[in-house]
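Written out below as structure tokens is the structure these notes cover.
Where a number appears in this text, it was derived from the coordinates with a stated rule and is not lab data. Predicted model, so just to flag it, every value in this text is computed and none were measured. Counting neighbours? That spans all protein chains shown, and the Cβs are built from the backbone with ideal geometry, glycine included.
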Amino acid sequence: MSKRRLGKGIDALLEAGGEIPVGETPAGVLSAEIDRISPNPNQPRKTFNEDALNELTESVREKGVIQPIIVEKQDDGRYVIVAGERRFRAAKRAGLSSIPVIERTFTENEKLEIALIENIQRDDLNPIEEAEAYIALMNASGLTQDELSHRLGVNRSTIANTVRLLRLPDRMRLSVANGEISAGHARALLALDDNGAREALYQKIVDDGLSVREAESAVTAVQGAKPRASKPKLTGSAATTPRKSVELAALEEELVEALGTKVVINGTESRGKIEISFYSLDDLNRVGDAIKRSSAPK
């Protein structure tokens, strides 16, 4: 994943935690006892790479923490980390008793946004954590995917493609999260509507180590398979579901991007229905607001 531009205004904030010259304590940088600092409970990243954390710990033992973490002071005098949890963890492992901090006050949305941006900028989130963080931020702020893309400086298509990964079954999502399969493999799996075919391809990817290109070719082969012409046409409940036209598939993707949730179009260009998924009352309200905004007169 290439590095992305930080959200407008947030880049300056994170840059405020630049490296500290040896022997100096810049204005605004405090020294806080590590025992008075707690991780952010809404940290998007759920797992930390042990090898990378061990390397950072050795660096901290040798040079100390040269970039302050950003914290928010609580009513009881303790601090909650807003950005810099890896440095905090490494400092604890290195046995430091205090760490340089920059104290700021944030709204809940700002804290989530900063934590998300920091992790994305440094490639620290796996694709599932990133998708969940996008959804959490949209739910908390009421932003659409388009608005979020402008806020974070991330392409809307990137957000949409990442959020789509959450449509995978739990087993496959876990495989993406732990690196067993890639996000490219996951997108190939999502192209299959049939659950049995998807499960079979997933197992083949895991067992045979298929590349993303090979997985995509397998999807094309499945989608291109047609019943023999000599077979009688099925009707009623036994009829096969026609494949979506390119136009409907594109429109479906546009609705997913605009509403930030699963959208399924069933039918043809002349008649059908749209199914919009929501996962909580807050999510329903967010989707409703997104629909109202998109239909409001310009």
Which order results if Y134, Y279 are arranged by neighbouring Cβ count within 10 Å, fewest first?
Y279, Y134
Could you list which residues have their amide H under 5 Å from that of S38, counting only those 5 or more apart in sequence or on another chain, with H placed in the peptide plane?
Y79, V80, I81
Quick one: if you stick a label point 7 Å off each Cα along the C-beta vector at S98 and S211, how many nm between them?
5.5 nm
Can you give the FRET efficiency for R271 and D193, using 1/(1 + (r/R0)^6), R0 = 25 Å, r = Cβ-Cβ distance, to the nearest 0.05?
0.80
Could you tell me the distance between the Cα centroids of the stretch 176-223 and the stretch 55-108, to the nearest Å?
40 Å
Listed highest first by mean packing, meaning other Cβ atoms within 10 Å per residue, what order do 207-219, 63-75 come in?
63-75, 207-219
Sites matching GluC sites (Glu not before Pro) across the stretch 107-179 that sit in DSSP coil, with at most 12 neighbouring C-beta atoms within 10 Å
none
Using the per-residue mean of other Cβ atoms lying within 10 Å as a proxy for protection, in what order, highest first, do the peptides 184-190, 268-274, 138-144 fall?
184-190, 138-144, 268-274
Which order results if I114, I276 are arranged by neighbouring Cβ count within 10 Å, fewest first?
I276, I114
Could you work out how far apart the two model spin labels at E253 and N54 are, taking each label as a point 7 Å from the Cα in the direction of the beta carbon, and quote it in nm?
4.2 nm
What does the extension gain come out to for I291 and V80, with contour length at 0.36 nm per residue minus their alpha carbon separation?
72.4 nm
From the phi angles alone, apply the Karplus equation (6.51, -1.76, 1.60; θ = phi - 60°) to the stretch 53-65 and give each ³J(HN,Hα) in whole Hz, x where the residue is Gly or Pro.
5, 5, 5, 5, 4, 5, 5, 5, 4, 7, 10, x, 8
Quick one: order F106, F88 by neighbouring beta-carbon count within 10 Å, fewest to most.
F106, F88
